[in-house]
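Written below as structure tokens is the structure these notes are about.
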Amino acid sequence: MTLRKIVSTILFTTLITVFAMSGQPVWAQSSGQPNQKETNEDETNLDTQLYLLIATNQAVDDAKLPVALEGVVKQLRIALPFKNYRLAATLINRVKNDGRLDLQWVGGPLLPAAAASGNTPSFNEFRINRVRLVTGSDGRDIVRMEGFKFGAKIPIQMGTALASNAPGAPVINYEPTGLNTDISMREGEPVVVGTLNVGPSGDAIILVISARRSSKP
């Protein structure tokens, strides 16, 4: 072994010993910080309003409707042959942009009937698989609802059960009705989703929905 190699070996061994005694690692570390990708998640929320209107030719106790529905009902009176409209329910929900909404509830009878009572509620379901706020070709904001579903089980009186020495009891069957579709609408403008004819009286459930960005986070 040459003198140069002997000196190099001694120096290398000395350096290793010094690092080992000082507790420092012998390999180099990069002084740069790792790149961290920042993701700006969309926190926009939308307030949805689902209105259940009952269209009927019968007299109604309260025909007063929300101001927001005046334009829609005016169009319905022209398009559909019903004398009266009443508001059966209003559902207000908040959903995150690009999120989903799923709601199930038990409510009072949607249709006025002789057999309707607290013992004959309706079973209802409202679902949207995806709600998205997008910009239309005209630059205006549009709300898209993919997988819109409304379903209800309505109590219908099918007859009367006769009993000796007692008044007849109504025979009630629950009939399912519903609607599935994909829709889009301008932000804040209520639109008619669909009409469901139900019951022997010829009454109809009309679904109206609107959505706008929440004013509060």
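Would you call Ile206 among the aliphatic types (A, V, I, L, M), more than 22 Å from Gln75 (Cα to Cα) and either touching a helix residue (DSSP H, G or I) at 6+ places or on another chain (Cβ under 9 Å) or buried (at least 16 other Cβ atoms within 10 Å of the Cβ) (or both)? So Ile206 does not fit the description; no. Beta carbons closer than 7 Å, at least 6 apart along the sequence or on distinct chains, pair a first residue in the range 174-195 that is within 14 Å of Arg144 (Cβ to Cβ) and in contact (Cβ under 8 Å) with a residue 40 or more places away in the chain with a second that is acidic (Asp, Glu) and part of a strand (DSSP E or B) for Glu187/Asp141.
Please work out which one of (1) over 27 Å from Ala55 (Cβ atoms); (2) crowded, with 16+ Cβ neighbours inside 10 Å is the condition Ile128 fails and give its number. All conditions pass for Ile128, except number (1).
Going through Leu133, Leu101, Leu50, Leu110 one at a time, which residue ends up being modelled with pLDDT of 95 or more, touching a Leu at 6+ places or on another chain (Cβ under 8 Å) and either among the aliphatic types (A, V, I, L, M) or surrounded by 12 or more Cβ atoms within 10 Å (Cβ to Cβ) (or both)?
The match here is Leu50.
Say whether the condition of being within 26 Å of Tyr85 (Cβ to Cβ), modelled with pLDDT under 90 and surrounded by 12 or more Cβ atoms within 10 Å (Cβ to Cβ) is met by at least one residue in the range 178-188. No: the range 178-188 contains no residue that is within 26 Å of Tyr85 (Cβ to Cβ), modelled with pLDDT under 90 and surrounded by 12 or more Cβ atoms within 10 Å (Cβ to Cβ). Taken over the range 57-81, the residue count meeting the criterion of being touching a residue at least 60 places away in the same chain (Cβ under 8 Å) and either surrounded by 19 or more Cβ atoms within 10 Å (Cβ to Cβ) or of a type in the set (A, V, I, L, M) (or both) is 5. A search for C-beta distances below 8 Å between a residue of the range 204-217 that is of a type in the set (S, T, N, Q) and any residue that is part of a strand (DSSP E or B) and surrounded by 14 or more Cβ atoms within 10 Å (Cβ to Cβ), counting only pairs 6+ apart in sequence or on different chains, returns Ser210/Thr48; Ser210/Gln49; Ser210/Met185; Ser210/Val191; Ser214/Asn45; Ser214/Leu46; Ser214/Asp47.
The set of residues in the range 191-213 that are more than 21 Å from Asn45 (Cβ to Cβ), of a type in the set (Gly, Ala, Ser) and assigned to a strand (DSSP E or B) comprises Gly194, Ala204.
The values are calculated or read from the model by the stated rules, or taken from the named source; none is laboratory data. Treat the numbers as computed from the prediction; the structure is a model and nothing was measured. A quick note on method: Cβ atoms are made from the backbone with ideal geometry, for glycine too, and the neighbour counts reach across all protein chains shown.
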